[in-house]
Amino acid sequence: MAARARTPTDPIGVFDSGVGGLTVLHELLVSLPTEDYLYLGDTARLPYGNRGSAELVQFALEIADHLLESGCKLLVVACNSASAAALPALERRLAAIAPDVDVIGVLRPAAQLAVAGSRSGRIGLLATPATVASGAYERIIRDADPHVHLESVACRDLAAAIETGFPFDGEIVEAVRGFCAPLRDASVDTVILGCTHYPLIAPMLQRMLGRGVALVTSGAGVARSVERALTARGLLNPRAGEGDYRFRCTAEVDSFREVGTRFLQLPFGEVEHVELRAEAKVAV
Ligand code: DGL
């Protein structure tokens, strides 16, 4: 791929396995309205959270290639499972082929917010099996404060249920209650929603965990990191009005638009179907 200098009017690339990353895009659209965005949902290969890390690295590299070829000036990995598995590989790949493009993941902003906000030092994590198995949140939190205790719960199939299950039925409600139980038992005062799909059921989680528990999401922190990175490189879009945003997905377009419209809470833009390569071109 020929390296090309990025310009302030290029779009920001955002990706997730499906609609979960729209919770991050929502924050970006509100915090940085003058930017253009290109969002990719890898719906053909959802859920990411039950997959192994080698596979997630391969998917993330393919998507990064796609977004770079589409002219993006910065990449946001709006997926905890992909961030946990692939952020170092993505950073190495971008340093090699597009050194003026930053890549920002969702784990560190959420973990830092949780550590700063917890009074008791007892923090809960709800995340996919892939994210919990990676141990990435434990490492970031231990580095931030070794005295914080993290209670992690792997919520198998919850992201897929959120993606398809609206309106939420009794089965989902009972599954969520089961995931919350160990966090109640552990008396945490803060819970990281460690999957970008989970803010979509925040009211259910808040009711089950109790009013006094702070729910932490990554969106606002990610938006601040994006703003700092673009400012440092002189790549903030200087336009006065609002930018545009468009969508691509790897499976069927209609259901992505339908679920996405419900969750973005803003008018939905154009959605295009794309095929990704089976393998990333360059080993890292
Ligand atoms: N929303 C993603 C995450 O933050 C992935 C969920 C999934 O596809 O399992 O982990």
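Protein-only accessible surface at a 1.4 angstrom probe places the residues Thr190, Thr7 in the order Thr7, Thr190, largest first.
Using heavy atoms of the protein chains and a probe of 1.4 Å, the accessible area assigned to Thr261 is about 60 Å².
Pull out a ≥ b ≥ c, the square roots of the eigenvalues of the alpha-carbon gyration tensor of the stretch 114-261, then state rounded if a/c is under 1.5, prolate if not and a/b is larger than b/c, and oblate in the remaining case. Oblate, since a/c reaches 1.5 and b/c is not below a/b.
In the chain, the calculated helix contribution to ellipticity at 222 nm averages -14000 deg cm²/dmol per residue, counting -39,500 (n - 2.57) for every DSSP H run with n ≥ 4.
Counting 0.36 nm for each residue step from Arg142 to Val173 and taking away their Cα separation leaves a gain of 8.0 nm. For the stretch 49-167, the gyration tensor built on C-alpha atoms gives an oblate shape. Its axis ratio a/c (a ≥ b ≥ c) is at least 1.5, and a/b is not larger than b/c. In the chain, the alpha-carbon atoms span a convex hull of 122 Å³ per residue. Counted by Cβ distance under 14 Å from Arg233, the other residues give a net charge of -2, where Lys and Arg count +1 and Asp and Glu count -1.
Note on the stretch 145-177 and the stretch 77-120: Cα centroid distance 21 Å, given to the nearest whole angstrom. Put a dot 7 Å past the Cα of Arg92, heading toward its Cβ, do the same for Arg4, and the two dots end up 2.7 nm apart. Placing unit charges on the Cβ atoms only, positive for Lys and Arg and negative for Asp and Glu, gives the chain a dipole magnitude near 780 debye about its Cα centre. Sorted into 5 angstrom bins from 0, the C-alpha pair distances of the stretch 14-75 split as 4, 17, 26, 24, 18, 9, 3, 0 percent. When the surface is traced with a 1.4 Å probe over the full set of protein chains, Glu270 keeps roughly 110 Å² accessible. Of Gly49, Gly135, Gly71, the residue with the greatest mean-square motion in the GNM of the chain, using alpha carbon springs below 10 Å, is Gly135. Once the Cα-Cα distance is subtracted from the 0.36 nm per residue extended length, the Arg122 to Asn50 segment shows a gain of 23.3 nm. Available extension along the chain between Ser31 and Asp100 is 22.6 nm, counting 0.36 nm per residue and deducting the alpha carbon span. Among Gly121, Gly219, Gly210, the residue with the largest mean-square fluctuation in a Gaussian network model of the chain, with springs joining Cα atoms closer than 10 Å, is Gly210.
Think of the chain as a dipole: +1 on every Lys or Arg Cβ, -1 on every Asp or Glu Cβ, centred on the Cα centre; then among Val226, Leu22, Phe168, Val226 lies furthest on the positive end. Residue ranking by accessible heavy-atom surface, 1.4 Å probe, largest first, among Thr231, Thr23 comes out as Thr231, Thr23.
The values are calculated or read from the model by the stated rules, or taken from the named source; none is laboratory data. Predicted model only: the values in this text are computed from it and were never measured. Because the Cβ atoms are built from the backbone with ideal geometry, glycine has one as well, and the counts that use them run over all protein chains shown. What goes into the accessible areas is simple: the full protein's heavy atoms, side chains included, and nothing from ligands, DNA or RNA. Shrake-Rupley method; radii C 1.70, N 1.55, O 1.52, S 1.80 Å.
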